[in-house]
Structure formats: C-alpha cells, structure tokens
Amino acid sequence: MIIAIDAGSKDTAAADHLLYEVIDGLEQPVLALTHTVSGDDRPHVAVSLTSAADLADPVRAMVAERNVGLAVTRPGASEPELAGPSRLVRGAYVAAVEAALGTTGRVVRWASITWRASAVCRSRTTR
C-alpha cells in the first residue's frame, strides 16, 4: 500500500518533519520518500509511505486536523482514494505515482522495510 501526503511543504526539511511525525505514530515498517512537486505556482515537496500493512486509517487520523492532500493506493485497486484540497491532492497523486513506479523520490527511511523484505526472502528460500 502507498499513502502519499501533500502538506505543501516548502522544502525537504519540512517534509522530513511531517514524515517523522507520521512514522513515529506507526507500528509498522515503512519506506518513506519525499517527492518534488512542480507545475504549480510554488514548487513544493510531498511525501509517500509504502508498507505491506494497511496504514490508511491511522495515517488519516494523524493528518485529519491538517490541510493536506491525501492519495491512498491499495494493491489491486484501479485508482487511488483521494481527499483534500485539489491543489494538494494533485501533489499527493504525483507522489503516489512516483512511489509506485519507483521513478523518483528521495529516500528518508529505508532500514525497517529492508530488514523485513530480506527476512521474507530468506524464509522463502530456506523452505
């Protein structure tokens, strides 16, 4: 599952701050990326979280009081769930697509999901 959030962060430091606030509230490993969003009157930075777990509800709860765009992409879904102001939804959508395609994005957190992925691969090869 991919969850992308666009809070209109003006730089990577602000986006990192948002990511770590969200990550601290989760109990699952995630791959966390920042994504530069252009094509607006003010380029800015959106974020994405990728996890094997369904984290949509906890993340929605964490950002409910903020003015953010949200794009939730579930495995097998034909389109993402979108919420928030249209300008920010666009940025969240861009971040979700980039995360899904693996085309761009600055890695902020990788270790936890890497460990889990390698553990799964080892368990499958040792059977």
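The values are calculated or read from the model by the stated rules, or taken from the named source; none is laboratory data. Note that the structure is predicted; figures quoted are calculated from it, not measured. Heads up, the Cβs are rebuilt from the backbone with ideal geometry, glycines too, and the neighbour counts pull from every protein chain shown. Heavy atoms of the whole protein, side chains included, go into the accessibility calculation; ligands, DNA and RNA do not. Shrake-Rupley method; radii C 1.70, N 1.55, O 1.52, S 1.80 Å.
If R0 is 25 Å, the Cβ-Cβ spacing of THR104 and ARG74 corresponds to a FRET efficiency of close to 0.70. Segment ASP54..GLU27, full-extension length gain: 8.6 nm, with 0.36 nm per residue of separation and the alpha-carbon distance subtracted. Using a simple spin-label model with pseudo-atoms 7 Å out from Cα toward Cβ, ASN67 and TYR20 lie 2.5 nm apart.
Compactness of region 43-100, taken as the C-alpha radius of gyration over 2.2 N^0.38 Å, stands at 1.06. Counting only Cα atoms, the size of region 1-46 along its three principal axes is 36, 21, 12 Å, in decreasing order. Ranking THR73, THR12, THR34 from most to least accessible surface, computed with a 1.4 Å probe over the protein chains only, gives THR12, THR73, THR34.
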